[in-house]
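Participant: Dropping the structure in here first, questions after.
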Amino acid sequence: MTSIPLEDLGKGERERGEPFAKGFPSRTSFSENDLSEERQELTRRLDRLSGEAAGKVRAYAAARTAKVEIERFLDMAPQVAGKLEELTRALFGELLDEIEADLTHAVREILGQDRTVVSRRDVKNSRLFIEFEMEQDGKSEDILRGQGGSVCNILSVGLRLIALSQLDPAKHRPFLVLDEQDCWLRPDLVPGFVRLIAAIAQKLGIQVLYISHHPVDLFADQADRVFILRPGRENGPRLDILCDRAASGASLPPVTAEASAETSDE
């Protein structure tokens, strides 16, 4: 290892008159103009970095505020869900009370029995679930099994009329097709059934197409127009207008089940 005295460093350069530490300019080599430009560049960089820093501070503050709002919302979510469930029960509860009363009236009017229609209500996943039952003398009865299906006939028609009445008439035509909705009713119950349907439909402004295999004289007096479908051996079924009371005001001739099953082609 060789040591060089400090005073010998740069000795050769000094003897030859060359500057020491070649390649490193002396401080006096910077002009005032260079320093001014450097200062301006540093000032611009400082301003730019200061602006970026201010923007990041604002973004952080906004994110923190949003985080606080989200946490506050999440804290309120269980309470809001409970309130919505309560409002749902209250809103649909009033409607269901009316539906229960209307269906109970229909059952009693048609069947002549002291029965009550009740609804079991439950809210699951913000959706309302409804199940209808019959009650008589404090005992519940399954609608699908009780009365041999006659209660199903009555309630299904009632619910259809109610559902249609809740729709926007500008988007949905108030027209209801009832295909053999009296299939489980005894013939003597059909007139009262059709009479009630006609009254409700007229009150709600709903046009009803009623299709039945019962003798037409059981319900014809409640219809504005009566059509009869006659089977034919040669040309197939034929649709005839039996009466158009709405247009002519004419009375309906009696038509029996035998007449409605006429098979000849004219």
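Participant: How much length would be gained if the chain were fully extended between Gln202 and Leu144, taking 0.36 nm per residue of separation minus their Cα-Cα distance, in nm to one decimal?
Facilitator: Computed gain between Gln202 and Leu144 is 18.0 nm.
Participant: Evaluate the distance, in nm, between pseudo-label points positioned 7 Å from the Cα of Ala90 and of Arg195 along their respective Cα→Cβ axes.
Facilitator: 4.1 nm
Participant: Take peptides 163-175, 196-208 and line them up by average Cβ neighbours within 10 Å, highest first, as a rough protection proxy. Show your work: numbers first, answer last.
Facilitator: Numbers: 163-175: 10.6, 196-208: 16.2.
Sorting 163-175, 196-208 by mean packing, highest first, produces 196-208, 163-175.
Participant: Separate question: What are the residues whose amide H is under 5 Å from the amide H of Phe227, where those residues sit 5 or more places off or on another chain and H is modelled from the backbone?
Facilitator: The answer is Leu242.
Participant: What ranking do Arg48, Arg230 get, fewest neighbouring Cβ atoms within 10 angstrom at the top?
Facilitator: On the way: Arg48 10, Arg230 16.
Ascending number of Cβ neighbours within 10 Å: Arg48, Arg230.
Participant: Out of residues 5 or more away from Leu176 or on other chains, whose amide H comes under 5 Å of its own, with H placed 1.01 Å from N in the peptide plane?
Facilitator: Gln207, Val208, Leu209
Participant: Can you give me the distance in nm between label points at Arg108 and Glu38, each placed 7 Å from the Cα along the Cα-to-Cβ direction?
Facilitator: 10.3 nm
Participant: If you average the C-alpha positions of the range 216-237 and of the range 92-134 separately, how far apart do those two centres end up, in angstrom?
Facilitator: 34 Å
Participant: Let me ask something else. First measure r as the distance between the Cβ atoms of Asn235 and Asp179, then evaluate 1/(1 + (r/R0)^6) with R0 = 25 Å and state the FRET efficiency to the nearest 0.05. Can you show the working numbers first?
Facilitator: Numbers: r = 24 Å, r/R0 = 0.96.
The value I calculate is 0.55.
Participant: Still on this model: Calculated FRET efficiency, Arg58 and Val80, Cβ-Cβ r, R0 41 Å, to nearest 0.05? Please list the in-between numbers first.
Facilitator: Numbers: r = 31 Å, r/R0 = 0.75.
Plugging the Cβ-Cβ distance into 1/(1 + (r/R0)^6) gives 0.85.
Where a number appears in this text, it was derived from the coordinates with a stated rule and is not lab data. Being a predicted model, the structure only gives us computed values, none of them experimental. Because the Cβ atoms are built from the backbone with ideal geometry, glycine has one as well, and the counts that use them run over all protein chains shown.
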